[in-house]
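First comes the structure, then the notes that go with it.
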Amino acid sequence: MSDAVGRRIRMVAGLLVLAELVVYVLVVNWIGLAWTILATLATSALGMALLARQGTRALTELRDRARSRRSAGRELGDAGLVAAGGLLMVLPGFIGDLVGLLCLLPGTRGLVRALLTRFVLARVPGMRGAVRVRSVRTAEVPRTDEPRTDGPRTRPLVIEGEVVRDPDGRPLR
């Protein structure tokens with residue numbers, strides 16, 4: 001990991017801790033210290049209960065996919081989001097609880113998955129999705145390994161073209 005990336009991660013983590021402290025102090029001023037501590041314990045207990053229920057469901061779906069030998073990409077992602085959401089709910093802090101709740105609830109997990117997918121695809125150069133190609137001209141190329149017949153499409157079709165990208169270098173969709 002480069003020094004710049006490590007510095008950025010530390011800065012973001014520090015800002016998140018600061019934001020959690022600010023929200024915690026605001027909640028203490030709003031409802032009092034005892035109720036804030038009770039709310040923190042309640043959200044942790046809710047997080048553990050949701051983690052147990054949703055985690056069991058996610059692992060069952062993974063197991064079913066493995067038994068049927070089907071791809072488990074979405075189920076694996078759901079299991080990861082459930083684990084991250086459970087961790088965020090168990091740790092103290094109301095911002096983390098909100099994000100964790102979004103990861104744990106099946107109705108909002110798709111939104112979190114879509115946002116994470118969009119974020120990753122925008123940041124990782126090799127994972128930009130489909131690329132559109134505009135055809136300039138086409139030509140048939142004779143094959144040397146098969147005898148030529150005069151039937152339609154007996155030779156492969158080669159399409160010359162260029163990859164069309166926007167100014168940012170991202171493929172057009």
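From the list 65, 109, which one is touching a helix residue (DSSP H, G or I) at 6+ places or on another chain (Cβ under 6 Å), over 18 Å from residue 50 (Cα atoms) and modelled with pLDDT of 75 or more? Walk me through it before giving the result.
Details: 109 fails: over 18 Å from residue 50 (Cα atoms).
It is 65.
Within the stretch 60-96, track down each residue that is aliphatic (A, V, I, L, M), more than 13 Å from residue 45 (Cα to Cα) and within 17 Å of the chain's Cα centre (by Cα).
So the first thing to find is which residues in the stretch 60-96 are aliphatic (A, V, I, L, M), and the list is 62, 66, 72, 76, 79, 81-84, 87-91, 95.
Within this subset, residues satisfying the condition of being more than 13 Å from residue 45 (Cα to Cα) are 62, 66, 72, 76, 79, 81-84, 95.
72, 76, 79, 81, 82, 83, 84, listed by residue number.
Is there a residue being in a helix (DSSP H, G or I) and either outside the structural domain of residue 99 (by TED's automatic domain parsing) or under 27 Å from the mean Cα position of the chain (by Cα) (or both) anywhere in the stretch 25-42? Lay out the reasoning, then the answer.
Going through the stretch 25-42, the residues in a helix (DSSP H, G or I) turn out to be 25-31, 33-42.
Imposing the further condition that a residue be either outside the structural domain of residue 99 (by TED's automatic domain parsing) or under 27 Å from the mean Cα position of the chain (by Cα) (or both) reduces the set to none.
Within the stretch 25-42, not a single residue is in a helix (DSSP H, G or I) and either outside the structural domain of residue 99 (by TED's automatic domain parsing) or under 27 Å from the mean Cα position of the chain (by Cα) (or both).
Listed here are the residues, each with its yes/no results for (1) in contact with a helix residue (DSSP H, G or I) (Cβ under 9 Å, 6 or more places away or on another chain); (2) among the aliphatic types (A, V, I, L, M); (3) within 30 Å of residue 18 (Cα to Cα); (4) part of a helix (DSSP H, G or I).
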| position | (1), (2), (3), (4) |
| --- | --- |
| 75 | yes, no, no, yes |
| 82 | yes, yes, yes, yes |
| 86 | yes, no, yes, yes |
| 98 | yes, yes, yes, yes |
| 102 | yes, yes, yes, yes |
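Got a sec? Which of 74, 7 is of a type in the set (Lys, Arg) and within 18 Å of residue 116 (Cα to Cα)?
Values: 7 fails: within 18 Å of residue 116 (Cα to Cα).
Going through 74, 7 in turn, the sole match is 74.
Does at least one position in the stretch 59-73 carry a residue that is in contact with a Lys or Arg (Cβ under 6 Å, 6 or more places away or on another chain) and assigned by TED's automatic domain parsing to the domain that holds residue 15? Spell out the reasoning first.
The initial filter retains those residues of the stretch 59-73 that are in contact with a Lys or Arg (Cβ under 6 Å, 6 or more places away or on another chain), namely 72.
Now restrict to residues that are assigned by TED's automatic domain parsing to the domain that holds residue 15: 72.
There is at least one residue in the stretch 59-73 that is in contact with a Lys or Arg (Cβ under 6 Å, 6 or more places away or on another chain) and assigned by TED's automatic domain parsing to the domain that holds residue 15.
The values are calculated or read from the model by the stated rules, or taken from the named source; none is laboratory data. Computed from a prediction, not measured in an experiment: that's the story for all the values here. Note that each Cβ is placed from the backbone with ideal geometry, even for glycine, and that neighbours are counted across all protein chains shown.
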